[in-house]
Amino acid sequence: TELGGVVIVLSAAFTLAMMNHTNELTAMLASGVSLHRVVAPIVIVALLLGGLVVLDNELVIPRVKDKLVLAKDDGGSQGQFRLNLVSDSSNTVWFSPKYDPNTRQMAQPLISLRNPQGDLLAVVNGETAAYDARAAGWLVSNASVARTGGAGRMWRHTPSCTAIYTTAAPGDILAQTNLPAGKLDQVREVRSVKIDDQASGLSLRAPRMVRNVAAPATATALPAAAQAAATGQPTSAPAPVASLIEPEFALRGLDGRELGVIRAASADWVLDDAGQGHWRLCEAVLVIPSDLTPQDLLLQQDRNGSWLAYLSTADLNRLLALGRVSDPDLAILTRHIRVTEPINILVMLLLGLPFILSRERNIKASAWLCLLTVGAFYTFVYMSRHMGLPPALAAWLPVLLFGPVAVVMQDSVRT
């Protein structure tokens, strides 16, 4: 698309040059047709083709942008690279020593969860992080969450994909059924489990909880000896008091903001070595919602630094509003260029055509003068964008300087 305007101008110039060479323009003038009427359809078509360049930048290129940033030696696939503190719209900062674009997976991610003011809320460590479009976020395996906030304000036991320590025990869940205490021991299953642990900043949700009938309804966990006697299992593998089916543990920061959700296939309430009850998770992952997509990660690793040119204007505006652009001036310049590019094509056309339409010199001299003028304008356009000028001025300066000149030159053509 960068040469789209030049191609349009050269095509128009070549067409008029051939008409001039075969004396078709002379015949038109002899019939009373003004050269301005000859140029008008060419200008209209050039504007339409310039509109196609705009549509290409806004609709076509953004859809294949992840392919355009590939290096020549990548062989159609992206190589692994390091993620250096990439942020999303919620101020969450992502780091990984190795990201594989082909599998959309981070290795050993370190994730800093922050509030809109930038204050650190929690730090997540994990084994891998894979993008899931259905969850609109990243699934972190073998994750642990360390909440910050000063002494006495952190979790006593770090929540992880292995174990969740909370006061939301099976007895508390049974108490929500509002049954008399004497009937709680008869409850085998509780559906639509939902309970909050305000002290720990946890919320528990599950479709159902299945209780071990050998355990007292009010118990947080059976002593190991009692479990062994009731179930015949050795004390090293005690039976759980209760099991949750497909539970979700929502983790909250000190400000009440949801940091993420640990989802598991099941969770059993058991004792640890110190005799404290907790939920032991099976096949659990931590879900961190984020609008940071694999395409965003790939574009920000563009080795040529041209990834902004592959984004639509709507994406540029969104990234600028979210503050996720490392070079805001370049993004603003790119946004202005989207507006000035069709105007530059028109100016370039009006600068070059008067030389072709002139009958005072031979066709070769006219062609060279047209080429030099168009080349000079094209060079000035790109020089103004790299002179350190303010973004708006850098984009509009060629139009402001050469626009009036192009109109005067077009008006000076003898018809």
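A few points about this structure:
- Condition met for L397 (within 18 Å of P342 (Cβ to Cβ), open to solvent by less than 60 Å² (accessible area, probe 1.4 Å), in a helix (DSSP H, G or I) and free of Cβ contacts under 8 Å to residues at least 24 places away in the same chain): yes
- V45 vs. criteria in a helix (DSSP H, G or I), within 51 Å of the chain's Cα centre (by Cα) and crowded, with 17+ Cβ neighbours inside 10 Å: no
- Verdict on L351 being buried (at least 21 other Cβ atoms within 10 Å of the Cβ) and either within 42 Å of the chain's Cα centre (by Cα) or among the small types (G, A, S) (or both): yes
- Meets criteria (in contact (Cβ under 8 Å) with a residue 40 or more places away in the chain and open to solvent by 50 Å² or more (accessible area, probe 1.4 Å)) for V407: yes
- Just one of (1) open to solvent by 70 Å² or more (accessible area, probe 1.4 Å); (2) modelled with pLDDT under 80; (3) not small (G, A, S) fails for L70. It is (1).
The values are calculated or read from the model by the stated rules, or taken from the named source; none is laboratory data. Owing to the predicted nature of the structure, the values given are computational and were not obtained by experimental measurement. So basically every Cβ, Gly included, is an ideal-geometry build from the backbone, and we count neighbours across all protein chains shown. Keep in mind that these areas ignore ligands, DNA and RNA; they rest on the heavy atoms of the full protein, side chains included. Shrake-Rupley method; radii C 1.70, N 1.55, O 1.52, S 1.80 Å.
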